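To start, the structure itself, in C-alpha cells.
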Amino acid sequence: MTGSLLYVCVRPQREAAVAEWASFRDGLGVRGEDLVHHDLVREPLPADLDRYVAVVVGGSPFNVTDPAKTDEQRRLERDLERLAAAAIEGRTRALFTCFGIGVVTRLLGGRVSLLHPEGTGPTDIALTAAGRDDELFGILEPRFEALTAHKEGTAAVPPGATLLAENDACPVQAYRAGAGLWATQFHPEPTTDAFVERMVVYRDAGYFDADAFDEVSAHVRTASVEQPTRLLRSFAARSVAA
C-alpha cells in the first residue's frame, strides 16, 4: 500500500476505541502501520490531512441531538465539520460512520432526528439507483445486512447529498456529498464478534436492554457482514488509487 489512511476516533472509552481501530484495520484490509489512530476526543484534528490518502471516522456514544454538551464534545463536532468540509471540497476523501453522519447532515443543513433509531443488531439495507451506480457502493449486492445501534438518524437526505442506501426504520442509511465524502448510519467495520465485544462496553448505555444481553448478542451473531466489509475494501483501494 502507498500512503497511510487516518482513523479518527470519537469514542471516549479507550477499550472500545482501540477495538474499533482494529476493526477498521481488518475491514479496510491494511496493515496496522497503514492506519494511523488519531484520538479526536483528546486531541484536535491534525492540520496536515494531506499526509493521508483518506480518512475514516468511527462511531461514538455522542449524539448530535444531545441537549447538553461538554466543551470537548462541541470542539470535537467542529473538528468533524472541518474534516467533512475538506472532503466535500475534494481536499481529502472521507468515510463518516454512525455519529459522524449526523454531524455531516447538520453541516449540510439537514435535520437529525430522534424519530429514526435502530436497535442493536443486524438490519436489512437496500441500495438506491444512485447507490448501485456509485463508485464505492456499486460493488455491493442491491440488498445486504449490516449492523446498527443508534438513537438518532437523518430525517431526510440533506441538501447537496445523494442518497445511496435506505431502509424502512431509518430512511437515510448512506449518502454521498461533494467530491469525496461518504457517510453511513450503519457500522461497516465490525465483525459480529467485535460488535458483541463493543456491546459489553456499552451494556448500560441505553442501546439495548442490559438484561437481554445474551439474547441480543446471539441475534447479532446471526448477521452476515460480508457486504459492509467489501465497502471498506473498496474505499481503501480507490483512495490509494486516486
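The values are calculated or read from the model by the stated rules, or taken from the named source; none is laboratory data. Everything numeric here is computed off the predicted structure, so don't read it as measured data. With ideal geometry, Cβ positions are generated from the backbone for all residues, glycine too; neighbour counts draw on all protein chains shown.
Summary of computed values
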read-out: Filter result (without any contact (Cβ under 8 Å) to a residue 60 or more places away in the chain and assigned to a loop (DSSP other than H, G, I, E, B)) within segment 62-73; value: 62, 66, 67, 68, 69, 70
read-out: Selected residue (criterion: surrounded by the fewest Cβ atoms within 10 Å (Cβ to Cβ)) from residues of segment 177-191 that are polar (S, T, N, Q) and over 16 Å from residue 222 (Cα atoms); value: 184
read-out: Tabulated pairs, segment 200-211, first surrounded by 13 or more Cβ atoms within 10 Å (Cβ to Cβ), second polar (S, T, N, Q), C-beta under 6 angstrom, 6+ apart or interchain; value: 201/13; 207/120; 208/120
read-out: Extreme residue, surrounded by the most Cβ atoms within 10 Å (Cβ to Cβ), among residues of segment 105-131 that are of a type in the set (A, V, I, L, M, F, W, C) and closer than 28 Å to residue 196 by Cβ; value: 125
read-out: Number of the exception - residue 194 against (1) surrounded by fewer than 22 Cβ atoms within 10 Å (Cβ to Cβ); (2) in contact with a strand residue (DSSP E or B) (Cβ under 7 Å, 6 or more places away or on another chain); (3) touching a residue at least 40 places away in the same chain (Cβ under 8 Å); value: (2)
read-out: Tally, over segment 51-80, of residues that are touching a helix residue (DSSP H, G or I) at 6+ places or on another chain (Cβ under 6 Å) and under 16 Å from residue 38 (Cα atoms); value: 9
read-out: Counted residues, segment 1-18 - those being within 19 Å of residue 231 (Cα to Cα), surrounded by fewer than 20 Cβ atoms within 10 Å (Cβ to Cβ) and either aliphatic (A, V, I, L, M) or within 15 Å of the chain's Cα centre (by Cα) (or both); value: 1
read-out: Some residue of segment 202-213 being touching a helix residue (DSSP H, G or I) at 6+ places or on another chain (Cβ under 6 Å), at pLDDT 95 or above and more than 22 Å from residue 18 (Cβ to Cβ); value: yes
read-out: Single match in 228, 171 (criterion: out of contact with any Phe, Trp or Tyr (no Cβ under 6 Å at 6 or more places or on another chain), touching a residue at least 12 places away in the same chain (Cβ under 8 Å) and surrounded by fewer than 21 Cβ atoms within 10 Å (Cβ to Cβ)); value: 171
read-out: Subset of segment 145-160 (residues that are farther than 16 Å from residue 172 by Cβ and crowded, with 22+ Cβ neighbours inside 10 Å); value: 147, 149
read-out: Subset of segment 185-221 (residues that are in contact with an Asp or Glu (Cβ under 8 Å, 6 or more places away or on another chain), part of a helix (DSSP H, G or I) and among the charged types (D, E, K, R)); value: 198
read-out: Odd one out for residue 87 among (1) farther than 22 Å from residue 184 by Cβ; (2) surrounded by 17 or more Cβ atoms within 10 Å (Cβ to Cβ); value: (1)
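Rundown of residues vs (1) modelled with pLDDT of 95 or more; (2) β-branched (Val, Ile, Thr); (3) crowded, with 21+ Cβ neighbours inside 10 Å; (4) in contact with a Cys (Cβ under 8 Å, 6 or more places away or on another chain), yes/no style:
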| position | (1), (2), (3), (4) |
| --- | --- |
| 27 | yes, no, yes, no |
| 48 | no, no, no, no |
| 78 | yes, no, no, no |
| 82 | yes, no, no, no |
| 103 | yes, yes, yes, no |
